[in-house]
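Read through the structure below, which is laid out as structure tokens, and then see the notes.
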Amino acid sequence: MLLLDIGNTNLRWSRATAEGLSQPELVRHGGAIPLDLLACWEVLEPPSRMLVSNVGGGEVGESLCRVARAYWGIEPEFVCSRASWRGLRTVYVDPSRLGVDRWLALVEAHASGARPALIVDAGTAVTFDLMLGDGRHLGGLILPGVEMMRNSLLAGTQIPRIQSEPSGEPWAADTGTAVAAGSVQAVAALTDRLFERLAVEAGSDPRLLLTGGDADRIQDALSRPCERVPDLVLRGLMRIAQGDE
């Protein structure tokens, strides 16, 4: 099978075999299937199925359909969020309002260990989802991503655009680094706060799962250990595929 996680900016994909998932590949999609990805897929063994998580919009989904039909004569299967799945139960009254990438991350977190979990997906937006050990999804929060926070601040002020990254110090001694550090620390601080709240709610420390393109930036600012799972959504897709067999 071919598994695809299409985000707002990036497309992450992997092949699923009897041995498990291949090393995931990452490309920027720009609303379509990039030429370098097409070249890579031309030499792939034809997949039997293609399962897709798509929050990147209809254009990239339609482009994927055309490619799958032309290359392999198959139709992509676009997964949708569900109210429940094998013990996982979302708090959302309308499950379709829960991003499918968030739902698949919950699927994998629940299937891989019956423990409370805080899932942080740091991408174009940063999503936070909280789940108890019995599979009850408590809900979540969404923030602008690191780059979006920085860009919105610079667009609405006279602060000059300076390319900078946090220095590792708790605060900055120049404006560029202050903007860079503030965006990262905002995500890290909310992560720590939600972790503490979930620990009280669950009665034990939860797992902290971190994924997304900005996971490296966020991890260094966290005050507690986390599990880095770059292919968390792809693993969720694999669970769904296995459950359908």
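The values are calculated or read from the model by the stated rules, or taken from the named source; none is laboratory data. For clarity, every value in this text was computed on a predicted model and none was experimentally measured. Backbone-built Cβ (ideal geometry, glycine too); neighbour counts: all protein chains shown. In case anyone asks, the SASA skips ligands and DNA or RNA and just uses the protein heavy atoms, side chains included. Shrake-Rupley method; radii C 1.70, N 1.55, O 1.52, S 1.80 Å.
Below, the figures for the structure above:
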read-out: Residue within the range 60-80 that is open to solvent by 30 Å² or more (accessible area, probe 1.4 Å), within 20 Å of the chain's Cα centre (by Cα) and over 30 Å from GLY30 (Cβ atoms) present; value: no
read-out: Filtered residues of the range 60-77 (kept if within 14 Å of LEU11 (Cβ to Cβ) and touching a residue at least 24 places away in the same chain (Cβ under 8 Å)); value: VAL60, GLY61, SER63, LEU64, VAL67, PRO76
read-out: Members of the range 203-234 that are in contact (Cβ under 8 Å) with a residue 60 or more places away in the chain, within 18 Å of TRP13 (Cα to Cα) and in contact with a Leu (Cβ under 7 Å, 6 or more places away or on another chain); value: THR211, VAL229, ASP231, LEU232, VAL233, LEU234
read-out: Top-ranked residue of the range 152-181 - restricted to ones that are in a helix (DSSP H, G or I) and free of Cβ contacts under 8 Å to residues at least 12 places away in the same chain, ranked as least open to solvent (accessible area, probe 1.4 Å); value: ALA178
read-out: Hits in the range 3-19 (condition: small (Gly, Ala, Ser) and closer than 23 Å to ARG102 by Cβ); value: GLY7, SER14, ALA16
read-out: Within the range 122-151, tally of residues that are within 26 Å of LEU26 (Cα to Cα), in a strand (DSSP E or B) and open to solvent by less than 30 Å² (accessible area, probe 1.4 Å); value: 5
read-out: Which numbered condition VAL200 misses (of (1) within 23 Å of GLY87 (Cα to Cα); (2) surrounded by 14 or more Cβ atoms within 10 Å (Cβ to Cβ); (3) without any contact (Cβ under 8 Å) to a residue 40 or more places away in the chain; (4) more than 16 Å from the chain's Cα centre (by Cα)); value: (2)
read-out: Given (1) open to solvent by 20 Å² or more (accessible area, probe 1.4 Å); (2) in contact with a Pro (Cβ under 9 Å, 6 or more places away or on another chain); (3) aliphatic (A, V, I, L, M), number of the condition VAL93 does not satisfy; value: (2)
read-out: When residues of the range 96-110 are limited to those that are touching a helix residue (DSSP H, G or I) at 6+ places or on another chain (Cβ under 8 Å) and among the charged types (D, E, K, R), the one most open to solvent (accessible area, probe 1.4 Å); value: ASP101
read-out: Strands (runs of 3 or more DSSP E) fully within the range 1-83 counting 3 or more residues that are out of contact with any helix residue (DSSP H, G or I) (no Cβ under 7 Å at 6 or more places or on another chain); value: 10-17, 25-28
